[in-house]
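Data block below; observations after.
The values are calculated or read from the model by the stated rules, or taken from the named source; none is laboratory data. A quick note: this is a predicted structure, and the numbers were derived from the prediction, not measured. Here Cβ is always computed from backbone atoms with ideal geometry, including for glycine, and neighbour counts include all displayed protein chains.
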Amino acid sequence: MKKEKSTKSNISHNPGLHRQAEHRIWYKLDLSAIVYPTLQRKDFSSVYRLSVVLKEPIKPEVLQKAVDIALTRFPTYKTAIRKGLFWRYLEPNNRPGPFVQRDICNFCMPMPFKAGNRYLLRVYYYDCRISLEAHHCLGDGTGGMCVLQTITAVYLRLLGHQISNGGFVKNIDEAPDPEELEDAYMRYANAKVCPPRPGEKTYRVRGTREPFYTFNVIDGILSVKEVMDVAKKYHATITEYINSVLLYALLEKQKSERHLRLHPVKIAMPVNLRRFFPSKTLRNFITMVYPSIDPRLGDYTFEEIVIQVRNYMRYYINEKFLRGDITTNANTQRNPLIRIVPLFIKDFVVRQFYTRVQDKNSSAGLTNMGAMKVPADMKPYISRFDIYMGQPFSSRTNCAIVSFEDTLTINFASSIMETDVERYFFRKLVADGIHVTIESNRENQESFII
């Protein structure tokens, strides 16, 4: 592989030369993206979904034009993954596609690298909804949201609406900022010491596996104001409050199973590093924190859970600790001995570590995209956003949160039949006086009545 470089000034008027130059461009996978292809298997593919619900039914032929136009603005998303001797990498993909499809019930399907003309993203529509599914090796939710909102803005413009650029909506007439394409981890992974990562076996939700490939989704739709008012009563932010409710639900689930020995309950929560380190990257730039409760220390009231979560968040989520954490990851990649180890050996070691250690380090996943901002002239056409973490690696549930205006959606996704965690979770919200509207793709909706 050759070193990435810009060739625009030499190729703009010669299509043949342009094609030759594009073969010289490649993008090294970022520090997080390296892991995701390694873990790929038929029932786990590191695919996440972002959706926007508009106020009028989608016109698929117009949406296809919007995808074709908008995607050229995101060169690291218009790529295919390739395998080298030591590392995988992304290269430009100019094959036809990705093609807009009518939505399916069991979404976030595995994404074989050679299928779909080798694209690592999919676009779906249904009624008023546009959904983007992306493989995590392309980028995190922030990068994916830029792609989705830009596609949506172009779609609305094609319908005759005036939509401004700004925020997640990128200017399709401008070349991408070089910072958008960078591996931001390597720029900020420069701490002088790497803090230790204590880890022990945590409580894991056990359930009945659904037939392959069944993806169970339960959505809770709430008022941002109501949730904020309740969170304030506990002297917490919305994120701290929702984390506390999920920990409470997991504790209740473990208690109901009458284990002879209790285990700590821990949530894997990605933190958007752009909040702490200036970066415009549209690739992965997140790290994980793990708020937890140890029931072996005694019974916790919900108020005590909130205090524990609040103190954890405010102690660990800061620039110093986060810099140390990403430096630990970066040092592994920088190791000259590891760099020359063949890819198939790296894959084996990473897969064993994740299966035996990393996956057992949390009881559930929770991601919070926060409040979605869109250009003011785009707001009248949008009802809400949704975000879904893909197929869990093991039999557990994952939770994702996003809000728009006064609508907050909490999206649970799992591959097991039981819905106990979701039921405990939403019952607690209702008990705190929050009104919840439930939606699901499950055929038997009585299975999760709260």
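Can you work out which of the residues in the stretch 350-363 that are outside any loop (DSSP other than H, G, I, E, B) and of a type in the set (A, V, I, L, M, F, W, C) is modelled with the lowest pLDDT?
Ranking the qualifying residues of the stretch 350-363, first place goes to Phe353.
For the stretch 231-256, the set of residues classified as part of a loop (DSSP other than H, G, I, E, B) and either farther than 16 Å from Asn311 by Cβ or of a type in the set (Ser, Thr, Tyr) (or both) consists of Tyr234, Thr237, listed by residue number. One residue stands out in the stretch 84-114 among those that are touching a Lys or Arg at 6+ places or on another chain (Cβ under 9 Å) and among the charged types (D, E, K, R): the one that is farthest from Tyr124 (Cα to Cα), namely Arg88.
For the stretch 60-74, indicate whether the set of residues that are in contact with a Ser or Thr (Cβ under 8 Å, 6 or more places away or on another chain), surrounded by fewer than 16 Cβ atoms within 10 Å (Cβ to Cβ) and modelled with pLDDT of 90 or more is non-empty. No, the stretch 60-74 contains no residue that is in contact with a Ser or Thr (Cβ under 8 Å, 6 or more places away or on another chain), surrounded by fewer than 16 Cβ atoms within 10 Å (Cβ to Cβ) and modelled with pLDDT of 90 or more. Considering Thr208, Thr214, Thr152, the condition of being among the polar types (S, T, N, Q) and crowded, with 22+ Cβ neighbours inside 10 Å is satisfied by Thr152 alone.
The set of residues in the stretch 159-191 that are crowded, with 16+ Cβ neighbours inside 10 Å, within 16 Å of Ile382 (Cα to Cα) and more than 24 Å from the chain's Cα centre (by Cα) contains only Ile163.
Listed residues Asp347, Asp377; which is closer than 30 Å to Lys170 by Cα, assigned to a helix (DSSP H, G or I) and modelled with pLDDT of 85 or more?
Values: Asp347 fails: closer than 30 Å to Lys170 by Cα.
None of the others qualify; the one that does is Asp377.
Here Phe113 meets each of (1) touching a strand residue (DSSP E or B) at 6+ places or on another chain (Cβ under 8 Å); (2) closer than 23 Å to Ile345 by Cβ; (3) buried (at least 19 other Cβ atoms within 10 Å of the Cβ) with one exception, condition (3).
Scan the stretch 211-223 and give yes if some residue there is in contact with a His (Cβ under 8 Å, 6 or more places away or on another chain), in contact (Cβ under 8 Å) with a residue 24 or more places away in the chain and in a helix (DSSP H, G or I), otherwise no. No, the stretch 211-223 contains no residue that is in contact with a His (Cβ under 8 Å, 6 or more places away or on another chain), in contact (Cβ under 8 Å) with a residue 24 or more places away in the chain and in a helix (DSSP H, G or I).
With respect to (1) closer than 18 Å to Ile242 by Cα; (2) of a type outside the set (A, V, I, L, M, F, W, C); (3) surrounded by fewer than 22 Cβ atoms within 10 Å (Cβ to Cβ), the lone exception for Ser403 is condition (3).
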